Structure formats: C-alpha cells, structure tokens
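Trainee: The structure that follows is given in the form of structure tokens.
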Amino acid sequence: MAGTAQTPLDKQIAKTPSRANPQHRGWSRTSICHVCEGGAWAGAEVQASTLLRALAKHPEVSLQAIILKEGRLAHELRSDGVVVQVVDEEGKSFPRMISECSEFVKSRNIQILHSHSYKENLVALMLSRICRVPYLVRTEHGHPEPYSVVRNLKHWCVLAADRLGANTADQLVSVSSDLGEYWKRHVNPQKVTVIRNGVDPERVSSRFRPDEAKQRLGIPGDSFVVGTVARLECIKRHDLFVMTAGYLAEKIPNGNFLIVGGGRQKDSLQRLIHDFRLQERVSLLGERDDVYDVLRAMDVLLICSDHEGIPMVMLEAMALGVAVVSRRVGGVSEVIQDGVNGILVPSDDPRELGRACMSIYNKPRLRKELTQVACDEVHRKYSAEKNAETMVELYQSICYARAQ
C-alpha cells in the first residue's frame, strides 16, 4: 500500500514491536479523532468513511470523529459504530466552532488528530494547541484546486496558512506517489508517506445486472453507456466529457452518457450540453445515494480531470467490473496500466478520449480482459482492510518513535 522506496517511516515501522497480539505487546489503545467537513459526499468523504469503517474493527484504536456539517458522512460513521460529534459550522464564528470542538476533544483524551482537507487541517492544528493533543496526521487527497487571488482572497489566505501548517504535522499521508512527491517539496520529506486509497468489496456492490441498471435510469438495456462521477467543478473537466460525448454520439447510435455529481458548474454544463445538441443523449443525474447501481449501468467510466490523487470512483468502478478510460494524470497511472487493466490517454483531446472509448465499444473481448484484471487487482491491492492496517501501523509508529 505504501510507496516502493523505503522511507524513514517504513524503517521505524519495521523496528516497532509486533502488532499481531496487542494484549501481549505492551500497547495501550490509541485514541484517534478524525476531523472531516462532511457537507458533500465526494472522494475524500467516501475514503474517510471507508477508512474509519475499517479502522473501527481494530482493537488497537479508540475511534471518534468531528464532522463540521451534518450529512451522509456523519450518518455512515454512526452506523459503523464510530463516536461522532457534529459541530455544525453554519452560522458560527470560527472561534465558536473551535470552542465546541475543544470541549469534545478534551472529554475524549485524544492522542492523535487526523484531518482530511485544508479547512479541517486548520481546525485540527488549533485543537492540538488548545487541547494539547500530542500528534497531528493529515491526509492529502489531491492537489489544491486552482483559484483566483483577486476574486477569492479569503481562499488564498486559507491555503497559504494550510501550507505553513503542514510542517507542524507529525505525518502527512499522500494517497499517491505523485502527490507525495509534490508535498516533499514543501515539507520535511521524512514526514511524508504514501498510503493509497482502498475500497470495501462487501460494500461496493450492486444487485442489478448491467441491463437492469440501465433500465432503472430510463436507458435501453442494450445501449452503450459512458459515464463520469465527480463534483461539478472546473478541475474535473466535465466540458471535456461533453465534447467527448459529442464525438462518440456521432459514432455510436445507441450511445448514452451519464454525469453524476453536484457542484457550481451545473448551469454552464447544461448550456454546453445544449450547444452540442446532446440533451437527448447526456443525463445530468446530480448527487446520488445509489452510485454503485449507477456505476453498474456504465460500460465505461471516463475520467477527464486535470488532476487526481487516487480516485475512489475509479477503484469502485474496477471492483464493479466497469472499464476505466482516463487521462494520464496524477496518481491514476499508479493504478491503471494502459492496455492491461484500463486505458490511459496522455492528452486532453476529446477525439483521443473518444477513440479510447471506441476501442472498448468495438472490442468486447478487450473490455472483458481489462475488467477482469482490474477487478482482481483492486481486491488484491486496494482493499480497505489493508488500508486500515497500514494506517494503524502509522499511528503506532508515531507514538512509538516519540516515546523512544
């Protein structure tokens, strides 16, 4: 799960006493508190939920979470037995929010605060100082998204403060080697470790056959479906998806296209779909609670983003037997081997992306081979259980190193 090169952290873990039997190794339970926003249900929230669900099964840790907005993440974590404190940031000043979070942290004797995004990183940093929490861990799920300093000075200030605060973390977890290299240029490289995302095969499933899943969405069962699942934000390049759909619509008479997700680009995306005269072929499905059933309806998951860490939806699609076509960006190429378990396109040309999708359409045998290898690999290499085991080792190595 971690990078291939052995880091100082790897060496420290190797020296740490065996974790096979916590009752005989002298370890006490480590109290961990994750800090997440929770307002959306995107890749970071899905991974946090998957990780915490797996961590909750480990007797070595006592697990709790602070969520800054009531929503699906808080509900999922409660269902999995995680102690959840929702401190709704809506209508509260930052000092008031920190005060409420502090009360919870002090009552739980937290040893490690683990945050998942820039806002939560700042909250965790403040809490560590106020409540004297010994250790800070933060997960970086992707590169900071582009912004305009002139138009959004507040956002620039928050990101600048977040960058400065990164050096205070005991460990910075990157979900891909590509992202890890980026952070090694900004913080002490010894503090950076790579732990790739994982999925829970028992949860990532659908009871529908592909034709049934299509029919549930009002699509003919024999149609060829290309879809994407991502927040409607500029970095996800839905404009490129629509242009690719335009290319494919001319070549695949029974082709349909699905866009799943919510966000600020909805209106501009609807205009683009209208401009390409694709209103009858492209469906904007918004945010969904049945994403796995929607993925089952897809023949191809198309990832058009300008950057990605390790997309959770990519791993989920692989587990569900959906072929993956993606731009060669970020950590995607650390999972997808071109022509082996998916197709990578080193271009933002919609015609190139369209031709990659056409190869899946024209060659059913290729699709079967790609999806079989992908499904086997995601179960073997990217399971939530392995992800959680590695994270527990990380937590305990931090505590062990400081105690020496």
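Trainee: Does at least one position in segment 77-88 carry a residue that is part of a strand (DSSP E or B) and touching a residue at least 40 places away in the same chain (Cβ under 8 Å)?
Mentor: yes
Trainee: Take the conditions surrounded by 13 or more Cβ atoms within 10 Å (Cβ to Cβ), part of a loop (DSSP other than H, G, I, E, B) and modelled with pLDDT under 95 and apply them to His155. Does it pass?
Mentor: no
Trainee: Which of the residues belonging to segment 378-395 are under 23 Å from Arg328 (Cα atoms) and over 18 Å from the mean Cα position of the chain (by Cα)?
Mentor: Matches in segment 378-395: Arg380 only.
Trainee: Ok, one more. How many residues, within segment 101-121, are under 17 Å from Gly38 (Cβ atoms) and modelled with pLDDT under 95?
Mentor: Total satisfying the criteria: 6.
Trainee: Also: Exactly one condition in (1) closer than 23 Å to Arg138 by Cβ; (2) out of contact with any Ser or Thr (no Cβ under 6 Å at 6 or more places or on another chain); (3) surrounded by 17 or more Cβ atoms within 10 Å (Cβ to Cβ); (4) not basic (Lys, Arg) is not met by Glu385; state its number.
Mentor: For Glu385, the failing item is (3).
Trainee: Gly39 versus (1) at pLDDT 90 or above; (2) within 30 Å of Phe94 (Cα to Cα); (3) crowded, with 16+ Cβ neighbours inside 10 Å: which is the lone unmet condition?
Mentor: Every condition holds for Gly39 apart from (1).
Trainee: Please work out which one of (1) touching a strand residue (DSSP E or B) at 6+ places or on another chain (Cβ under 8 Å); (2) outside the structural domain of His114 (by TED's automatic domain parsing) is the condition Gln396 fails and give its number.
Mentor: Going through the list (1) touching a strand residue (DSSP E or B) at 6+ places or on another chain (Cβ under 8 Å); (2) outside the structural domain of His114 (by TED's automatic domain parsing), Gln396 breaks only (2).
Trainee: Could I ask something else about it? Taking Gly321 as meeting all but one of (1) on the phi < 0 side of the Ramachandran plot; (2) more than 17 Å from the chain's Cα centre (by Cα), write down the number of the exception.
Mentor: (1)
Trainee: Determine, yes or no, whether Asp162 is modelled with pLDDT of 80 or more and closer than 14 Å to Leu125 by Cβ.
Mentor: no
Trainee: Output the number of the condition that Ala297 fails; it satisfies all remaining conditions of (1) crowded, with 24+ Cβ neighbours inside 10 Å; (2) out of contact with any Lys or Arg (no Cβ under 6 Å at 6 or more places or on another chain).
Mentor: The number of the failed condition is (2).
Trainee: For the subset of segment 219-252 comprising residues that are hydrophobic (A, V, I, L, M, F, W, C) and assigned to a strand (DSSP E or B), which member is surrounded by the fewest Cβ atoms within 10 Å (Cβ to Cβ)?
Mentor: The qualifying residue surrounded by the fewest Cβ atoms within 10 Å (Cβ to Cβ) is Phe224.
Trainee: On to the next question. For segment 334-368, how many residues meet the condition of being β-branched (Val, Ile, Thr) and over 15 Å from Leu301 (Cα atoms)?
Mentor: Number of matching residues: 1.
Trainee: Residues to consider are Ser99, Ser117; find the one that is crowded, with 16+ Cβ neighbours inside 10 Å and either in contact (Cβ under 8 Å) with a residue 60 or more places away in the chain or polar (S, T, N, Q) (or both).
Mentor: Residue meeting the stated conditions: Ser117.
Trainee: Is there a residue in segment 323-344 that is surrounded by 15 or more Cβ atoms within 10 Å (Cβ to Cβ), touching a Phe, Trp or Tyr at 6+ places or on another chain (Cβ under 7 Å) and not polar (S, T, N, Q)?
Mentor: Looking for residues that are surrounded by 15 or more Cβ atoms within 10 Å (Cβ to Cβ), touching a Phe, Trp or Tyr at 6+ places or on another chain (Cβ under 7 Å) and not polar (S, T, N, Q), one finds none in segment 323-344, hence no.
Trainee: I've got another one for you. Name the residue that is surrounded by the most Cβ atoms within 10 Å (Cβ to Cβ), counting only residues in segment 182-215 that are assigned to a loop (DSSP other than H, G, I, E, B) and hydrophobic (A, V, I, L, M, F, W, C).
Mentor: Among residues in segment 182-215 that are assigned to a loop (DSSP other than H, G, I, E, B) and hydrophobic (A, V, I, L, M, F, W, C), the one surrounded by the most Cβ atoms within 10 Å (Cβ to Cβ) is Ile195.
Trainee: Any residue at all in segment 382-389 that is among the hydrophobic types (A, V, I, L, M, F, W, C) and farther than 24 Å from Asn256 by Cα?
Mentor: Within segment 382-389 (the criterion being among the hydrophobic types (A, V, I, L, M, F, W, C) and farther than 24 Å from Asn256 by Cα), the answer is yes, since at least one residue qualifies.
The values are calculated or read from the model by the stated rules, or taken from the named source; none is laboratory data. This structure is a prediction, so every number in the text was calculated from the model and none was measured. Counting neighbours? That spans all protein chains shown, and the Cβs are built from the backbone with ideal geometry, glycine included.
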